[in-house]
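The values are calculated or read from the model by the stated rules, or taken from the named source; none is laboratory data. Treat the numbers as computed from the prediction; the structure is a model and nothing was measured. Here the Cβ is made from the backbone with ideal geometry for all residues, glycine too, and neighbour counts use every protein chain on show. Accessible surface is based on the protein model in full, side chains and every heavy atom, while ligands, DNA and RNA are left aside. Shrake-Rupley method; radii C 1.70, N 1.55, O 1.52, S 1.80 Å.
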Amino acid sequence: MTFPTVRMRRLRRSEGLRRLTRETRLSRDDLVLPLFAVEGTGVREAVASMPGVHRFSADQIAEEAKAVADLGIPAVILFGIPAEKDARGSGADADGGIVQRAVEAAKSAAPELCVITDVCLCEYTDHGHCGLVSGDTVENDPTLDRLADTAVSHARAGADVVAPSDMMDGRVDAIRRALDAADFPDVPILSYAAKYTSAFYGPFRDAAESAPAFGDRRGYQMDPANRREALRELELDLEEGADILMVKPAMPCLDVLADARRMFDVPLAAYQVSGEYSMLMAAAERGWIDRSRALMESLIAIRRAGADFILTYAAKEIAPRLKP
Ligand code: PBG
């Protein structure tokens, strides 16, 4: 059967019909808001390259956590920006470190909010790489203990989920063992499993002061040209004990998300990264696109490709327009 018997437009004629036949939905349940924690009190500084995004001191993280929970958003992911950095990223697992205090503040202000922490060294190292450096190589195996210690210290501070984003080999296994040994067998790992080298992280590195001082991250993050390799990364992290798999960035990787959805029956996350967000904001500021429609369309596309939930800087803006 074909035209004129078949008319695809029949089901697009009214909002009621469109609602009934809609295949993909976005709800508040699908959102995670990234938050940046800095030293000090009463600090709420705007990030220039990311309109609407701020860096908060711990006391302000508490306020923000409450606001996020009140909007019906289930989770935040915390990034820490320490006042001091060194070669081994000592701040990452410091007792009373920036992210540890932010976790405590968020959990005491909004106990029902799920607090995820990003586990990585790049915000804490003076060279800005995600692992320990010797000469001009980023060392894999010596980095694993640092990451494991960091994850444990986040769990100790009260993190509900830890999310390694460094792309070292074997880190999910190292973190799982360390969490279990430290008596945190119930803390899940959300692995940034397929994380690509991407120009779209630019504004984040501004916000987190984590641009590498030399070289780039191509020795550990994935080549954007590779699709099959992503599935292998996802599979390995699952075998190592990851509970949730993430693909990052999101919009440039919709094919990878779709593959991942087909291959793995675990929860799948996607990160709409800083550059994706800032690109939309910049075009909207110029009046070139409709901000709110473009945001919504981008998030629906990421869900349609296969993501169960999305880390997005637009979570607070979008939440009030979605069903609880
Ligand atoms: C830390 C990390 C980065 C992002 C999340 N975790 C930066 C990077 O890998 O350079 C990027 C997030 C974003 O761009 O919004 N390793």
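State whether region 25-321 is rounded, prolate or oblate according to the following rule on the C-alpha gyration tensor (a ≥ b ≥ c being the square roots of its eigenvalues): a/c under 1.5 gives rounded; otherwise a/b larger than b/c gives prolate, and the remaining case gives oblate.
Working: a/c = 1.30, a/b = 1.11, b/c = 1.17.
Cα axes put region 25-321 in the rounded bin.
For K66, list the lysines whose Cα falls under 25 Å from its own Cα; do not include residues on the same chain fewer than 8 positions away.
K107, K316, K323
Would you mind pulling out the separation of the Cα centroids of region 14-40 and region 228-250, in Å?
What the calculation gives is 23 Å, centre to centre.
Using a probe radius of 1.4 Å on heavy atoms only, what accessible surface per residue do you get for the chain? Whole Å² is fine. Could you put the intermediate results ahead of the total?
Numbers: 14690 Å² over 324 residues.
Here the per-residue accessible area is 45 Å².
Please report the antiparallel percentage of the DSSP beta bridges confined to region 25-321, to the nearest 5. Don't skip to the end; give the middle numbers.
Values: 5 of 40 bridges.
The antiparallel fraction comes to roughly 10 percent.
Hey, rough spin-label estimate for R228 and R44, points 7 angstrom out along Cα→Cβ, what's it come to in nanometres?
So the two model labels end up 5.2 nm from each other.
For region 75-187, just say rounded, prolate or oblate: build the C-alpha gyration tensor, square-root its eigenvalues into a ≥ b ≥ c, call rounded for a/c under 1.5, and beyond that prolate if a/b exceeds b/c, oblate if not. Kindly include the intermediate steps, with their values, before the conclusion.
Details: a/c = 2.23, a/b = 1.42, b/c = 1.57.
Oblate is the answer for region 75-187, as a/c is 1.5 or above yet b/c matches or exceeds a/b.
Work from the charge dipole of the chain (Cβ charges, +1 for Lys and Arg, -1 for Asp and Glu, about the Cα centre) and give the residue of W288, A208, Q60 farthest towards its positive end.
W288
Let me make sure I get this right: for region 183-239, a, b and c are the square roots of the gyration tensor eigenvalues over alpha carbons, sorted descending. Under 1.5 in a/c it's rounded, otherwise prolate if a/b > b/c, else oblate. Which is it?
Details: a/c = 2.58, a/b = 1.30, b/c = 1.99.
Verdict is oblate for region 183-239.
Quick one: pull the percent of accessible area on region 60-216 belonging to carbon and sulfur, 1.4 Å probe, ligands and nucleic acids left out.
Values: 2700 of 5560 Å².
Carbon and sulfur atoms account for 49 percent of the accessible area of region 60-216.
State, to one decimal in nm, how far the label point of D86 lies from the label point of S27, with both points 7 Å from Cα in the Cβ direction.
Inter-label distance under the simple model: 4.8 nm.
Mind giving me the FRET efficiency for A282 and E63? R0 is 25 Å, r the Cβ-Cβ distance, nearest 0.05 is fine. Before the final figure, lay out the partial values.
Details: r = 28 Å, r/R0 = 1.11.
Efficiency at R0 = 25 Å is approximately 0.35.
Roll a 1.4 Å probe over the protein heavy atoms and report the accessible area of C114 in Å², nearest 10.
40
Suppose R0 equals 35 Å; then what is the FRET efficiency for L17 and V266 from their Cβ-Cβ distance, rounded to the nearest 0.05? Show your work: numbers first, answer last.
Values: r = 34 Å, r/R0 = 0.98.
E(calc), rounded to 0.05, equals 0.55.
Nothing charged except the Cβ atoms of Lys and Arg (+1) and of Asp and Glu (-1): what's the magnitude of the dipole of region 202-276 about its Cα centre? Round to the nearest 20 debye.
Numbers: 9 positive and 15 negative charges, 49 e Å.
Dipole of region 202-276, to the nearest 20 debye: 240 debye.
Could you give the length gained on full extension between S134 and E317, defined as 0.36 nm per residue of separation minus the Cα-Cα distance, in nm? It would help to have the intermediate numbers written out before the result.
Values: separation 183, 0.36 × 183 = 65.88 nm, distance 4.29 nm.
In short, 61.6 nm is gained.
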